[in-house]
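Structure, as structure tokens:
Every read-out reported here was derived from the displayed coordinates using simple, explicitly stated rules and does not represent laboratory data. Since this is a predicted model, take the numbers as computed values, not measurements. So basically every Cβ, Gly included, is an ideal-geometry build from the backbone, and we count neighbours across all protein chains shown.
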Amino acid sequence: MMGIAPQTTNGGGGVAAPSFDFSSLLTVKSVEFTIADPRPPTADLVVKAPSWALPNASVVVTLTATSYLGTSVASAPITLDWSAGSAKGIVNTTTDSTGSATATIDLGKVPADSAPSSGEQLSVRAQWVGPTREVIARTATVSLQTSRRRLEVTRNLDTNTPGVAWGVKTTVTDTESGSELKGVPVLVSLQVKDAGTANCSTSAACNTSSGSPAEACQLMLPCTGKFELQACTTDEQQGGGVPACANVTLGHTWEYWTTHPLLAHDTPTLTANASSYAPGAVAGLSFQNPWPNASALMVWGNDLSSLSKQLSQVPSGLVTLALPLGPELSVDLTVQENRDLEVKLTIGQAGNSSTTGQTQTIVAPGAQTNISVAVSRQGQSLADAEVTLVAVDKAVLDLLPLPLAGLVPDLIVKLLPYLSEVNMGDAMVSPSALDEVLKSVRRRLALDPWISPDLAITPSKGLPSWQRGSGMASVDMNDTAFFQRLFTAITYGLGGPRLASSFQTTPLFTTLRTTADGQGIATFTAPANLGTFVVRAYAVSKGGQALGSAEGQLVVRRSVSITASLPRAVRINDTFQAGVLVTAPGYAGPGPLPVTVSVQVIPAASSDAVAQGPLQLLSQSATANVTLTPEATQQEVTVPVLAQQGAVILATSFALRPSNSSQGPSWQEGLVLPQAVPGSGALGLVAGVGYLPALQTAFQGILSQITARDPSDPSASLALVLALLPTTLATYSQNLTAEQAGNVTAAVTSLQQLTHSAYGLLPSLPGKWGWTPTWVDIQLNSWAAWLISGASQALDQAAVADPLLAGLVPGLNSLSRSTAARWKEAAVQQLLKDATELRKPPRNTLPPQNYSDWTTLAWVRADLSLPNLLAAVEPHDSASSAKLLTATALLATGNTSYSSFIASVADGLLSSIRVQAQTAYVAASKGAKRAAGLDIQALALGLLTALARPSEAVLLPKLALYVAQQGNTRLDLSAAYWPISPSTQAVGLSIRSLAAYDVTAGSASPDLQLEVAAGNTSLLQASFRSNSSTTASSTTPWSALASPPGPLSFQVQGRGEASLAASLNFVPALLLPYPTYRGLWLEAVVQATDPQTGQAVGPALAGAPLGALLMVTLQ
């Protein structure tokens, strides 16, 4: 449709040409609907992204695919679409064996012309095709900010007129938590944005704080031109080192004002200093007055009492008024006239009224029944009352609750006090425009008296879009467009009456008028769909003075109804019963009602077979059609026949050492191969020696982070971990490449640059982000000194065979000895300074305190207060960093007097280890299921490796594998509710612990032969030598194994430790009714639930009635 503006008369008395305003064209309405199978979800995809990031950051998105059907989610391709500003891209990733995947979006590589800016959002959309071929899409957003805080600026008078004062209010929000921060200091400045457009060069500024009222900062545009209003926080250290800023462009040029003259005055906003007041209080009101020496009329009160006061010579700028709320407003409310109507609803035969609490009326599909309405007022029948009857499917109201409206309290205006401001310019309209609005209102009320009159006279044509209201004004619409905007498709439909299908959610929507006795009758035709329908009556008296409503129910159902009671699916060799629930409230014949049940099995590629009663399905793939026939009612239900069971995947891992090894487990985990359907799967084996590949991947991850940074902004933690590369490679008799030697040289140079004479190792260079060091980072310096200490011990001998390493040895030796000593000394001095500061006399409200940061003290490990440290960490959990660090330090001293403390820590770690198939981890706390951070796992691995106790020999290889996987820059899904990437500190600890584990196991220089067999079938033969980081793997089809397959046997000879991972992918030939050990115990218990508590009660169940709420427990 096309909108045509009214013809207007020009100054010469002629008629102007019609003008077309395409922005006011009518839009055809649209309806969205979803067609879906109402079945439980079979899979889900979880997308996790950080809440905010820098506009040029590398954003890591975590994707977790989950199947509720037990199918594998490994190697599942996931597509990630992302957009930020005008930039967009696609990242493809694949899940690992646990269904997890990560995708990195490097915004720093986006071209400058399309790079996102601060304030924009990074939108990601992940899409995955689930196991049942359904498309699962999930989204996430990341706020891009240059600071961890967001600042917004508002003005109490929205004006661009020069010389008119206005106030500035600032709001600061924490980006991570979303909470508002009040009291943050903010500097607001106003300066010329484009000198060529301004007639002056005046600038102004003021200091305020977030959350302060706009009156605290008053500014104005000094002249015509373009100006920039900028607000920035001034406490950068609290904001993460980067101030949060907001810029707003204000003002217009002289040329703009010439072509766009001022059409309306700026409207002030009236602000109260409180949201409510007690009688007798004084309300404080303020507004920004743009008019000098103006007159104002102040009116206050409510609909029962009001007062007024005339104000003259009101100055321009900020105006503050005191409004006394005296006793003259404490008016007793009079009792309003009773406007309630009594409405009685009777459905069907008399005596079956749903409002009397008797039996509900039952109607068969397609049958008719009468709905009677009786309307009265104060006991007198009311004639000529209009009644609207609506019948709605109760299922819809259960999904979208809509209580019956009490029309009188909902439609009669309440007498409430109010506070508002009025601009007299809004009433300055032409008489012809007012007459046109009143005509349209009278015309539309005649068409439908239920509408709310729209008396707005906001122009929607003939003005620029920025001066128009949103959408077209009612007076400029035709009646069809006006009613389409008010009513939904449920009532009036789209472009005409609705086309009813055989299933109706609103089968009745009609109006009637009562006769002289206050009665009215409507005929209701029951729809085809069965169920309960809610009938509502809304009545209004003639003239609209009184209103009322009532509600009743009726049931639509057949005389005989059947509901199939069948399993959703059956499997080969299942024997099932084809049950049926029969409802026949009107059946009164002799004997039971006969029901015929027939089952037809349609094999996948053979002729049909028909059988009666219970049927044993033997076909490999088939469909069972179950036909139920009581009397003339027939229902056919299709039951899919599936294979006996889908493929399952079992996996475990264990370590193997030669029998002549002095260490290692005294027994090997057994692995009995189950019976499987021939040709249904395979047995996979992967074997390797040592964790050098995992360490190389960890170093590569560190290097990639260094490469992504600005070369002029080195990171101390990243450079320090990279400096461990020569020592680590020398441990495994590996030589450096030229590229690796160059990277290490750069890392050593960066560490020398970042070492301060007074403050030790700095996290980054001073001045880069506007910061100056004033204290020592104790944890960074102590961690660095401990990590690099002893790193040069194996370098001198290795440098003989590696010329590239020989050139690095002097710098590395200096770093691990003298420089590391300076770092530790700086940490010790800062620790002493902090402890002294805490013990000083009270300052302000802080009393003297003893130093209690035991984790920091354990990192420093200086002999300052060892007895106090031991006493303080004794009650801590063994998985706490303070207790682990203390035990590690005491073990390194070789002092046997601490043996009992160290042993207690190791015992606590052993009880906190949780086994999960191929890996094991240390729990975050006693009794917790989630894993502790990677730093705790690495420290625990280092301590238990150094102790070399036989009691941990079985679990230690699984813990080492867990550390190796997490060190490979993978996300720890069990570490916390929100998965996070391992810190650089944790990666450094894992590198050192894994290297020490390989040295202890002999895997740093292995010489090992491995052979795996199942009965007489050889599955894997492999040899592992030094300077070889390859793994050996094999995949054996189940059909190649004996039936039943023989147990797995292992033969290991030589030196080193082989890590073996076994995965079984198969279809079981027999479902075992009892728990079976396959590396883990798994038990399932089905119990009834208590309806009061929702908890499981009673013994395990073998069966349950339909509709019962059950609790399934897996352990």
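Neighbour counts of C-beta atoms inside 10 Å place 898, 997, 732 in the sequence 898, 732, 997, starting with the fewest. A viscosity of 0.890 mPa s and a temperature of 25 °C, combined with the Kirkwood radius over Cα pairs in Stokes-Einstein, give a translational diffusion coefficient for segment 691-845 of 147 µm²/s.
Within the straight-line cut-off of under 21 Å between alpha carbons, the lysines reachable from residue 439 are 461, sequence neighbours fewer than 8 places apart in one chain being disregarded. With K and R counted +1 and D and E -1, the other residues having a Cβ less than 11 Å from that of residue 956 yield a net charge of 0. Counting only Cα atoms, segment 149-267 measures 47, 29, 22 Å along its principal axes, largest extent leading.
In terms of distances greater than 20 angstrom between alpha carbons, the cross-link table entries 929/958; 883/926; 883/958; 182/840 yield 883/958; 182/840. Other residues whose C-beta falls under 13 angstrom from the C-beta of residue 47 contribute a net charge of +1, scoring Lys and Arg +1 and Asp and Glu -1. Neighbour counts of other Cβ atoms within 10 Å put 778, 78 in the fewest-to-most order 778, 78.
Among 1024, 533, the ranking by other beta carbons within 10 Å of each residue's beta carbon, starting with the fewest, stands as 1024, 533.
For segment 691-845, the relative contact order comes to 24 percent (Cα pairs under 8 Å, sequence separation of at least 6). Here residue 344 is the anchor, and the lysines within straight C-alpha reach of less than 26 Å, apart from those fewer than 8 places off in the same chain, are 394, 542. Quotient of the Cα radius of gyration of segment 43-144 and 2.2 N^0.38 Å, N being its number of residues: 1.12.
A simple count of charges around residue 214, restricted to other residues whose Cβ falls under 12 Å of its Cβ and scoring Lys, Arg +1 and Asp, Glu -1, yields 0. The label-point distance for residue 81 and residue 481, in a model that sets each label 7 Å from Cα toward Cβ, rounds to 3.3 nm. Within a straight-line Cα-Cα reach of under 26 Å, residue 309 can be paired with the following lysines, leaving aside sequence neighbours fewer than 8 residues apart in one chain: 414.
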